[in-house]
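The values are calculated or read from the model by the stated rules, or taken from the named source; none is laboratory data. Quick caveat: nothing in here was measured; it's all calculated off a predicted structure. Because the Cβ atoms are built from the backbone with ideal geometry, glycine has one as well, and the counts that use them run over all protein chains shown.
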Amino acid sequence: MTTRSGPAAPPAGRRRGGITAALAVLAALVMPLHRLLPGGAAAGHVRSLVETFLPWTGLLVVPLLAAALLRRSRLALGAVLVAALVWGLLHGRTLAGDRSTGGPADLTVATHNVDDANPDPAGTARAVAASGAQLIALEELTPPARGAYERALARSHPYHAVEGTVGLWSTFPLRGVTATPVVPWRLVLRATADTPRGPVTVYVAHLPSVRLGVGGFTTGRRDAAAGRLDAVLREGPEGPAVLMGDLNGTTDDSALAGVTNRFTSAQAAGAGFGFSWPAALPVARIDQILVSGLTPVSAWTLPRTPSDHLPIAAALRF
């Protein structure tokens with residue numbers, strides 16, 4: 001009597017490696033195709049969440065690689081190496097080092113969310129001014145602390161404008177100061193700085209915060225404010241422009257695409273990722289210096305102040 005047997009079962013290691021391989025392939029797809037993720041409230045704004053921490057997707061490779069080696073699965077190992085290659089192609093140059101273009105700069109700018117509970121506003125102002133920035137944007141200003149910032153910067157930056165919780169200090173004369181609400185309690189300030197190389201339109205903004213909770217990543221107010229900020233930028237004058245502030249989002253976040261698609265991040269000429277928040281252990285760059293009609297020469301983070309954000313600065317060329 002002849003007995004027929006079915007096809008041989010795959011080795012147990014390969015079966016177990018299939019899960020690791022699937023996760024590695026998923027990671028490799030999410031990295032370049034993150035804009036296809038669901039972005040609405042029903043999905044917990046998962047797209048913004050992933051995009052906020054997009055460079056950290058590379059950390060997924062480490063446990064997946066360990067799992068592939070533990071299971072001795074060629075399939076899993078190959079998939080993990082593909083994920084590592086994709087991450088390297090997307091972020092390797094940023095991680096590699098300084099991307100400054102070199103050469104002289106015409107304008108240096110800095111921005112800092114100073115924290116509304118900052119115990120040393122004067123010291124914070126002096127620390128940011130030490131960067132040599134001719135234009136300084138500050139966010140989360142409070143009425144009690146405003147005078148301390150004004151006095152600390154009066155000699156080095158004699159021109160300034162404050163609207164709500166945002167302010168701009170300048171070594172150049174300012175004119176045409178306006179303020180437009182993006183949400184009832186947040187404004188975007190616009191002013192023209194008359195530099196020796198010509199006028200520059202300067203915007204200072206602080207968008208609403210986002211939160212991660214049981215309902216997902218709550219970005220609704222931030223996203224609505226970003227849309228209003230985009231409208232303000234579109235109505236602005238032609239010519240060189242700088243947008244500075246705490247946007248509570250990264251330049252990878254597609255919810256801010258209306259703003260970031262028309263501006264260049266100064267961090268394109270910076271070293272590394274330039275993470276600015278939280279100051280104790282920065283994991284995301286939510287503070288931004290974006291430019292239009294200007295070329296970033298270099299960008300860097302400044303030393304920590306009593307704030308929960310790091311100040312950032314950039315050198316620009318007309």
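Can you pull out the strands (runs of 3 or more DSSP E) entirely within the stretch 145-251 that have at least 2 residues that are surrounded by 14 or more Cβ atoms within 10 Å (Cβ to Cβ)? Before the answer, list the steps.
On the way: elements: 159-163, 166-170, 174-183, 186-195, 198-206, 211-213, 216-218, 241-246.
Of the strands (runs of 3 or more DSSP E) lying wholly inside the stretch 145-251, those with at least 2 residues that are surrounded by 14 or more Cβ atoms within 10 Å (Cβ to Cβ) span 159-163, 166-170, 174-183, 186-195, 198-206, 216-218, 241-246.
Looking across Thr305, Thr251, one residue alone is within 18 Å of Gly227 (Cα to Cα) and β-branched (Val, Ile, Thr). It is Thr251.
In the set Val46, Val62, Val80, only one residue is of a type in the set (Val, Ile, Thr) and in contact with a strand residue (DSSP E or B) (Cβ under 9 Å, 6 or more places away or on another chain); that residue is Val46.
Right, Leu141: under 21 Å from Ala313 (Cα atoms), in contact (Cβ under 8 Å) with a residue 60 or more places away in the chain and of a type outside the set (D, E, K, R) or not? Criteria not met by Leu141. Apart from one condition, Ala268 fits all of (1) in contact with a Lys or Arg (Cβ under 9 Å, 6 or more places away or on another chain); (2) small (Gly, Ala, Ser); (3) more than 22 Å from Ser48 (Cβ to Cβ); the exception is (3). The criterion of at least 3 residues that are in the same structural domain as Phe172 (by TED's automatic domain parsing) and buried (at least 19 other Cβ atoms within 10 Å of the Cβ) is met, among helices (runs of 4 or more DSSP H) falling completely within the stretch 22-139, by 121-129.
Being within 22 Å of Leu207 (Cβ to Cβ) and of a type outside the set (Val, Ile, Thr) is the filter here; which residues of the stretch 122-159 pass it? Talk me through it step by step, then tell me what you get.
We begin by selecting, within the stretch 122-159, every residue within 22 Å of Leu207 (Cβ to Cβ); these are 124, 128, 133, 135-143, 145-146, 149.
The answer is Ala133, Leu135, Ala137, Leu138, Glu139, Glu140, Leu141, Pro143, Ala145, Arg146, Tyr149.
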